[in-house]
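Note sheet for the following structure.
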Amino acid sequence: MIKELQLDYVEARDFYKQAVEYDPHNSTYLNKYGMILHTLGNSKEAIEYYTKSLDINLKVYGESHPNVARDYNNLGSAWFQLGDAQKAIAYFTKALNIYKAEYGDNHPITLKVRSRLESIKKSSKYTSH
């Protein structure tokens, strides 16, 4: 049963790499490829694809769209995984502000990002002493 629930991230990585090569201006493909890379522990390369997705979404939707917030959130996660709490905080803050404006203070995604941001702020204050 557990084996059935496991995802084949390597196969997914290969699939999304092909999708990105086929359509390098598709922000969904770029974001998903970044997520797979991030999940596989390659946060540095994931940042490259999250940034490409963000650039496209900013041009298409402007600063205040949930897809832009998603990209900021993913960038925050990747930078945090790389140990850069300040960059993570900056990206999570941008994501939180968009989610609050779009969905309100009590939406599950707003609450999730706020919790993550507060946790990082606490841990970065703790480690900076």
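The values are calculated or read from the model by the stated rules, or taken from the named source; none is laboratory data. Keep in mind that this is a model prediction, so the values were computed, not measured. Here the Cβ positions follow ideal geometry from the backbone for every residue, glycine too, while neighbour counts run over all protein chains shown.
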Restricting to segment 53-74, name every residue that is of a type in the set (Asp, Glu) and more than 10 Å from the chain's Cα centre (by Cα).
Asp55, Glu63
Options Ile109, Ile89, Ile120; residue that is more than 26 Å from Tyr29 (Cα to Cα), of a type in the set (A, V, I, L, M, F, W, C) and surrounded by 15 or more Cβ atoms within 10 Å (Cβ to Cβ)
Ile120
Unmet requirement for Tyr50, which otherwise passes all of (1) surrounded by 13 or more Cβ atoms within 10 Å (Cβ to Cβ); (2) at pLDDT below 95; (3) of a type in the set (Phe, Trp, Tyr):
(2)
Of the conditions (1) among the hydrophobic types (A, V, I, L, M, F, W, C); (2) at pLDDT below 95; (3) exposed (fewer than 14 other Cβ atoms within 10 Å of the Cβ), Val60 fails just one. Which one is it?
(2)
Given the conditions (1) touching a residue at least 40 places away in the same chain (Cβ under 8 Å); (2) among the small types (Gly, Ala, Ser); (3) closer than 18 Å to Val113 by Cβ, and given that Ser27 satisfies all but one, which numbered condition is not satisfied?
(3)
Looking only at residues that are free of Cβ contacts under 8 Å to residues at least 40 places away in the same chain and within 10 Å of the chain's Cα centre (by Cα) in segment 32-42, which one is surrounded by the most Cβ atoms within 10 Å (Cβ to Cβ)?
Met35
Within segment 108-125, the count of residues that are of a type outside the set (Val, Ile, Thr), within 19 Å of Asp71 (Cα to Cα) and in contact with a helix residue (DSSP H, G or I) (Cβ under 7 Å, 6 or more places away or on another chain) comes to 3
Could you pull out the residue among Tyr50, Tyr22, Tyr29 that is on the phi < 0 side of the Ramachandran plot and under 11 Å from the mean Cα position of the chain (by Cα)?
Tyr50
